[in-house]
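These notes are about the structure you will find just below.
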RNA sequence: GUCCCCGUAGCUCAACGGAUAGAGCGUUGGCCUCCGGAGCCAAAAAUGCAGGUUCGAUUCCUGCCGGGGACACCA
């Protein structure tokens, strides 16, 4: 039993079943509320009332009586408010018991043991240039989601799908070759849709690259390696590490694409039209059939993607998660139809769309045009922690308007520092105590409203985790930490931890120790290091 | 034309279908004899428009208005 909330929810579920002979689908029937409304509040009487066409207050009164029987030792009071809220005030004894459990088992108290194999693929930017601030969002959000999944006990693998073959790569190589010739003063026409960014010129000036000018295969390899290393460098700065870099090239050289096409052919899902090969994706819910091999014989990106997803599924993974940009929205049906065609449950794949990062200037970021703000510049300017935080403050589905000046400024004037200030204050207190130990027998001396308010705020962490986990929205962790930070700062203003009364002092040390555990835990999910000093 | 995301305070964002719509920045005014004032306390200030579902709508549905994006034998 991680939280008292679960206990209450189970109790309510039983009561509904017994007294009303109903089973209502809802994971948690009691939710945390504003403290004035108690620790938990349930709307179950209202739901039942609308279902049974009865007076909600009457139903609430009945539930209250049943609930009091079950929870008599655990609650202070249960009150009913119009139009039918049931508000539950947990007894401080139970709160203190939970506090002691947290001190004993630390972050394990909050962890779960869902033993599922999950593969999360994210970022997967083409290795045709450095990462921009737009990519940064995909990278950071993906990593944070993976952290949360791991925290719940999943066996998580982070994967980067590397587009190491195809037209974009050829274009990049052509662009480098053109710059090499330009540098020699030769008269060349720069490829129309080539890459114009500075990094191309930099690559073209590198001696080890120029050496390979006439050996296109080795040149391509060298340029690719350089680009991938750049990407890895940026990721490392943010503390992100992929378990697997999956090469698109190996799909083709390994005949996996041809293999999957043959498989679909055997199922009679491939046909020829206008000289191209088409996949009958409409049979599986897509809006139109899609080309997998063009009339010129070249395989489409979609063909590789079918093979790629088949490969992932064949690795015996329970859940696949892909993070895509909103420009891939129309692509979801296509890939899911392919999974269905291969006789798999399409729900094995969860696609999360991370909305755009737009520039304040309204100019579009483009690698080819060279108009973009580099992720590495951002990290350099504001530091990795503020960078990560900046990306995680928005819901996945919300646009993130990017303003570099604001981001820089925000590094000093940022909710992150409101949160970090808690850590700094706690460490500062602990530095003043010679022997920081937590003796749970003192926790019972916590009884001031400020202390209990902080403890109550702390104990909502499991609920925050549930929300973040099920919605795949790391932003909930931030919202929670902000709330908890506010509770802590308020407590800190009014009560001294280092009190003349030894008992009080020790009790508050316990409380603050638990706050520290939760902050470290929450921040580590976001991939941010708690500070000791600021 | 079809599809997706977004319209909340001057600005940037919150709010599981719930109770008095919350924060930060900015503005105005208080608080350091005391563990770190990057903090605390207080004031002014908001749901684009019109319907619908509901005991209850910022949230769900429909239409409109406004902003952004996607709709390839591109990747």
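The values are calculated or read from the model by the stated rules, or taken from the named source; none is laboratory data. In this text, all values refer to a predicted model and were calculated from it rather than measured experimentally. No Cβ is skipped: glycine too gets one built from the backbone with ideal geometry, and neighbour counts run over all protein chains shown.
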Anything in the range A:271-284 that is buried (at least 18 other Cβ atoms within 10 Å of the Cβ) and away from RNA strand B (no atom under 13 Å from the Cβ)? List them, or say none. A:284
(1) more than 8 Å from RNA strand B (Cβ to nearest atom); (2) modelled with pLDDT of 90 or more: which one isn't true of residue A:418, the others all being true? (1)
Residue among A:445, A:430 that alone is crowded, with 18+ Cβ neighbours inside 10 Å and modelled with pLDDT of 90 or more: A:445
Take the residues of the range A:498-507 that are part of a helix (DSSP H, G or I) and touching a residue at least 24 places away in the same chain (Cβ under 8 Å): which is surrounded by the most Cβ atoms within 10 Å (Cβ to Cβ)? A:507
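Residues checked against (1) surrounded by fewer than 14 Cβ atoms within 10 Å (Cβ to Cβ); (2) over 30 Å from residue A:395 (Cβ atoms):
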| position | (1), (2) |
| --- | --- |
| A:268 | yes, yes |
| A:286 | no, no |
| A:292 | no, yes |
| A:308 | no, no |
| A:311 | no, yes |
Output the residues belonging to the range A:506-534 that are near RNA strand B (Cβ under 8 Å from one of its atoms) and over 30 Å from residue A:147 (Cβ atoms). A:508
Being under 19 Å from residue A:32 (Cβ atoms) and in contact (Cβ under 8 Å) with a residue 60 or more places away in the chain narrows A:530, A:462, A:449 down to just A:462
Could you check, for the range A:261-269, whether at least one of its residues is in contact with a strand residue (DSSP E or B) (Cβ under 8 Å, 6 or more places away or on another chain), in the same structural domain as residue A:143 (by TED's automatic domain parsing) and within 14 Å of RNA strand B (Cβ to nearest atom)? no
Matching residues, the range A:277-292, being in a strand (DSSP E or B), in contact with a helix residue (DSSP H, G or I) (Cβ under 8 Å, 6 or more places away or on another chain) and without any contact (Cβ under 8 Å) to a residue 60 or more places away in the chain: A:277, A:290, A:291, A:292
Can you give me the ranges of the helices (runs of 4 or more DSSP H) entirely in the range A:151-256 with at least 3 residues that are surrounded by fewer than 19 Cβ atoms within 10 Å (Cβ to Cβ) and under 34 Å from the mean Cα position of the chain (by Cα)? A:167-183, A:216-237, A:248-253
Report the residue count in the range A:460-497 for those that are outside any helix (DSSP H, G or I), more than 11 Å from RNA strand B (Cβ to nearest atom) and closer than 19 Å to residue A:420 by Cα. 1
Count of the range A:31-84 residues which are within 18 Å of residue A:3 (Cα to Cα), near RNA strand B (Cβ under 10 Å from one of its atoms) and either modelled with pLDDT of 85 or more or in a strand (DSSP E or B) (or both): 6
Are there strands (runs of 3 or more DSSP E) fully within the range A:293-411 with at least 3 residues that are farther than 26 Å from residue A:170 by Cβ, within 16 Å of RNA strand B (Cβ to nearest atom) and at pLDDT 90 or above? List them. A:349-353
